[in-house]
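Each value in this text was obtained by applying a stated rule to the coordinates, not by laboratory testing. On a predicted model such as this, the values are computed, not experimentally measured, just so you know. Heads up, the Cβs are rebuilt from the backbone with ideal geometry, glycines too, and the neighbour counts pull from every protein chain shown.
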Amino acid sequence: MEYISTSALANELGIKSSDLFDKLKTLGWIERKNDKWILTELGNKKGGQIRKSAKYGEYIVWPSGITIEEEQKKTTINQIYAKIRTTLSSDDEQIKSKLIGAIVIGKHFNITPQRINLILSELGWIEKTVAGWKITKHGKEYGGRQYEHETSGGTYVLWPESILTNKILTTVFKDNSDTAQSTKEEQKSTSDNFRERFPATFRTKDGHMVRSRAEVIIDNALYDYKLAHAYERKLPVEEDLYSDFFIPCENVYLEYWGMENDPKYAERKKVKMEIYQKYDFKLIELNDNDILNLDDHLPKKLLKYGIKVY
């Protein structure tokens, strides 16, 4: 490969030597030290070399035909992107300063940050990962933003202050307050008085009182699988709706459809399914055929959500 001096390269490019030196300095290929041009590490990577002459001493040479204009364009584009990144980073910091985390939310509702994250997870707004908490599609809809700890690399989520008055979230705490009983009484008067028509008179292995023999089988299976579960857990939504079972380890709801030939029951099922789909909750559905061979069907349905049972 032929190498030429910087002055010769300037002649080849049809520009003044002084202008070329300025461009090479801007590109970071050379730098001025003690009234002398020095080849930088980047300049070396671009093909520049040091030559020695008895007459001129040390000087810099470049591969003949090297393209400077393209490199200038790349540098300009990179500078623009760097400026954009800096601006975005600054804007993000301003946004971040106005957001609140689980500690602040917990203080507002008088519960621990850990419990807040579990509730937000149950709502489907965040998900637990190896690295920490990950924002979900629904969480983003409510203004949640995911960040990374600078030291540990773990992830966490911050929220706008409006989260403190979010109807869905406040409903969760309302149902756990002193007014929860009145809310449940209202629930009893809906859905064609379902709970009055079918009282919980069947006891399961773990002491739950359920409303049918099929629910006894389901509850006992969950108990035998050593899965913590709740019976008739209210969904954390604005609508008054209770699931048949809830498995907290993966935030999975379970519904047993046992009276689908009943028109009123079918309508009730339709309403429940619309709500499950609206909030994109994880749902396992069981029917009479599943109950006949529950140990064959339920483990497979649980495995779909990462729950392994033996």
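Mean separation of Cα pairs under 8 Å and 6 or more residues apart, divided by the residue count, gives the chain a relative contact order of 9 percent.
Taking the longest Cα principal axis of the chain as reference, the axis of helix 113-122 is set at about 80 degrees. Separation of the alpha carbons by more than 30 angstrom is noted, of 96/272; 98/270; 137/270; 134/301; 137/205, for 96/272; 98/270; 137/205. Exposed loop sites here are GluC sites (Glu not before Pro) in DSSP loop states with at most 16 other C-beta atoms within 10 Å. What is the longest stretch of the chain lacking them? Longest gap between qualifying sites, sites excluded: 3-149.
Dipole size of the chain about its Cα centre, with +1 on Lys/Arg Cβ and -1 on Asp/Glu Cβ: approximately 1080 debye, rounded to the nearest 20.
With the dipole of segment 3-66 worked out from charges on the C-beta (+1 for Lys and Arg, -1 for Asp and Glu) around the Cα centre, which of 21, 3, 34 lies farthest toward the positive end? The one lying farthest along the dipole's positive direction is 34. Set against the labelled values (i) 138, 46, 38; (ii) 107, 43, 34; (iii) 84, 48, 28, Cα extents along the principal axes in Å computed from this structure falls on (ii). Helix 17-27 and the longest principal axis of the Cα set of the chain meet at an angle near 20°.
Per residue, the chain reaches -13500 deg cm²/dmol at 222 nm when only DSSP H runs of four or more residues are counted, each adding -39500 (n - 2.57).
Rounded if a/c is under 1.5, else prolate if a/b is larger than b/c, else oblate: which is segment 3-66, with a ≥ b ≥ c the root eigenvalues of its Cα gyration tensor? Rounded shape, in that the Cα axes give a/c under 1.5.
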